[in-house]
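Below: the structure, in structure tokens.
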Amino acid sequence: MTPPLADFAAATRLGWLDALRGWAAMVVAFHHAAYIFLPDWRHLMDGWVDPGRYGVLVFFLLSGYIVPASLERRGSVRAFWVSRIFRIYPLLAVASFLAILPFLLGVRGLRAGLEQYEPVTAVVAHMTMMQDLLAVPNAINVLWTLSYEMAFYLLVVALFVVNVHRRSASVATGLTVLAVAVGAVLPTAVLSGHAGVGSVVSLAALAMVMAIALAMSDRPGLRTAGGLMGGVLTAVLVTVNGRIGAWEGMLMLAVMFTGTVVYRAEHGQISRRTAFLAAGFVLAGTLGVGLWHAGTGLPGPLAMRAQLAWSGSVILAAATFAAGWLLRRRRFPRWATWLGTISFSIYLLHSLVLMAANQLFGVTRHQSVPGAITFFAVLIAASWATQRWIEAPAQRLGRRLARRPVPVGEPQQPAPALAP
């Protein structure tokens, strides 16, 4: 039976986004699983591409493409934050609890470095989702990317409330220029080092709560103040307090805004020439700065392998996103889009499944294709369950709570929702 034209259009519009989300999540899971189950394959990839970085960059491009459009489609900062909170936090809370459960049961210690922090400090840092920018180790290794997602959300809201959100090309190129010019000389974790991690976490958490609460206000003045507060907080943390170098943090944000540039060109909000020049500049800058800094401190051959892996990951991520965008009007296989539906669960849970495999079954690093197949089967089953019983109910509740939008901007082109 042929679906109605409207249904087909909706399916094709969503299809490429879901397919790429699912693919990126599986690639990141493969990246970590290969260390345990497929070390020989992992060795072959070393020096050519870093699957983890590649998958994360694809995620960032997708978030950049759709998250600002989601805010503009609603025209409400309140609805945006409600949807983001209910989309991310329920599963994040469950996964973080599962990550520390073995420690609470006395089975094993905390993830390396986390044990030296006060429990309240660690919990509050993770509640902000900005722990990687607050000098607190991640309870799950992949959570660092969510810190940059949250930083992106705060910047997007800041641009929106002052009505400069369509200047995505300028923002993307500006961040790249900063990464090239000063990113390498800016210190890491300087605020936490001087004022103390606990103090910085407390102040950042308070500022973030105030920024979001004010930005959700019905009063334009408070809304603007809240949005700008969140933007300033992000700028400070990314430039002088991140775990990774400021150059890399700036480039991650530039990549996300490049996704936004593509969306704006597609919908006629900026010229395609402007979009092409901005995207090309960000790609060139990301390659150049990464090549300059990748492998720093490593011996010559290892440094070269790190540089090649950086280049391969960046180029492959750009090519993957471009291919998906070019095929956006095609219908993707149902299984591919379904993987996109459970992609957030795959992303958060795969490290926990690997941890359980190591702790409960003593899985060690040796080549085992059957072991890898079993891992992915368990991961997909668990992800299906958490998506159905945790993610989906929370999203439905979030949609109900966000139904009363407070218009703060002009309506934009309709856009499907996409989580990181």
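The values are calculated or read from the model by the stated rules, or taken from the named source; none is laboratory data. Because the structure is predicted, anything quoted here is derived from the model rather than measured. Quick reminder, even Gly has a Cβ in these numbers, built from the backbone with ideal geometry, and neighbours come from all protein chains shown.
Summary of computed values
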item: Which numbered condition Ser202 misses (of (1) assigned to a loop (DSSP other than H, G, I, E, B); (2) of a type in the set (S, T, N, Q); (3) modelled with pLDDT of 95 or more); result: (1)
item: Check on Gly183, small (Gly, Ala, Ser), closer than 26 Å to Ser343 by Cβ, modelled with pLDDT under 95 and not in a helix (DSSP H, G or I); result: no
item: Counted residues, the range 261-273 - those being in contact with a Lys or Arg (Cβ under 9 Å, 6 or more places away or on another chain), within 9 Å of Ala169 (Cβ to Cβ) and of a type outside the set (D, E, K, R); result: 2
item: Test for Val282: is it in contact with a Ser or Thr (Cβ under 7 Å, 6 or more places away or on another chain), closer than 11 Å to Ala169 by Cα and of a type in the set (Val, Ile, Thr); result: yes
item: Those residues of the range 1-58 which are at pLDDT below 80 and under 22 Å from the mean Cα position of the chain (by Cα), in sequence order; result: Arg13, Leu14
item: Test: residue in the range 215-223 that is under 23 Å from the mean Cα position of the chain (by Cα), surrounded by 18 or more Cβ atoms within 10 Å (Cβ to Cβ) and not in a helix (DSSP H, G or I); result: yes
item: Residue that is farthest from Ala25 (Cα to Cα), among those in the range 361-397 that are of a type in the set (Gly, Ala, Ser) and at pLDDT 95 or above; result: Ala394
item: Candidate set: the range 297-311, residues that are in contact with a helix residue (DSSP H, G or I) (Cβ under 8 Å, 6 or more places away or on another chain) and touching a residue at least 24 places away in the same chain (Cβ under 8 Å); chosen: the one surrounded by the fewest Cβ atoms within 10 Å (Cβ to Cβ); result: Ser311
item: Hey, Val236 in a helix (DSSP H, G or I), of a type outside the set (D, E, K, R), within 27 Å of Thr188 (Cβ to Cβ) and out of contact with any helix residue (DSSP H, G or I) (no Cβ under 7 Å at 6 or more places or on another chain) or not; result: yes
item: Subset of the range 98-148 (residues that are of a type in the set (A, V, I, L, M, F, W, C) and in a loop (DSSP other than H, G, I, E, B)); result: Leu105, Val107, Leu110, Ala112, Met129, Met130, Leu134, Ala135, Val136, Ala139, Ile140
item: Selection status of Phe103, more than 23 Å from the chain's Cα centre (by Cα), over 19 Å from Arg400 (Cα atoms) and without any contact (Cβ under 8 Å) to a residue 40 or more places away in the chain; result: yes
item: Filter result (surrounded by fewer than 22 Cβ atoms within 10 Å (Cβ to Cβ) and not in a helix (DSSP H, G or I)) within the range 35-75; result: Leu38, Asp46, Gly47, Trp48, Val49, Gly75
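For (1) modelled with pLDDT under 95; (2) closer than 24 Å to Ile212 by Cβ; (3) surrounded by fewer than 17 Cβ atoms within 10 Å (Cβ to Cβ), each residue gets a yes or a no:
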{"residue": "Val82", "(1), (2), (3)": "no, yes, no"}
{"residue": "Phe86", "(1), (2), (3)": "no, yes, no"}
{"residue": "Pro90", "(1), (2), (3)": "no, yes, no"}
{"residue": "Phe103", "(1), (2), (3)": "yes, no, yes"}
{"residue": "Leu110", "(1), (2), (3)": "yes, no, no"}
{"residue": "Gln116", "(1), (2), (3)": "yes, no, yes"}
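Residue-by-condition table, conditions (1) surrounded by fewer than 22 Cβ atoms within 10 Å (Cβ to Cβ); (2) of a type in the set (D, E, K, R):
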| position | (1), (2) |
| --- | --- |
| Ile315 | yes, no |
| Phe321 | no, no |
| Trp325 | yes, no |
| Arg331 | yes, yes |
| Ala336 | yes, no |
| Thr341 | yes, no |
| Leu349 | no, no |
| Met355 | yes, no |
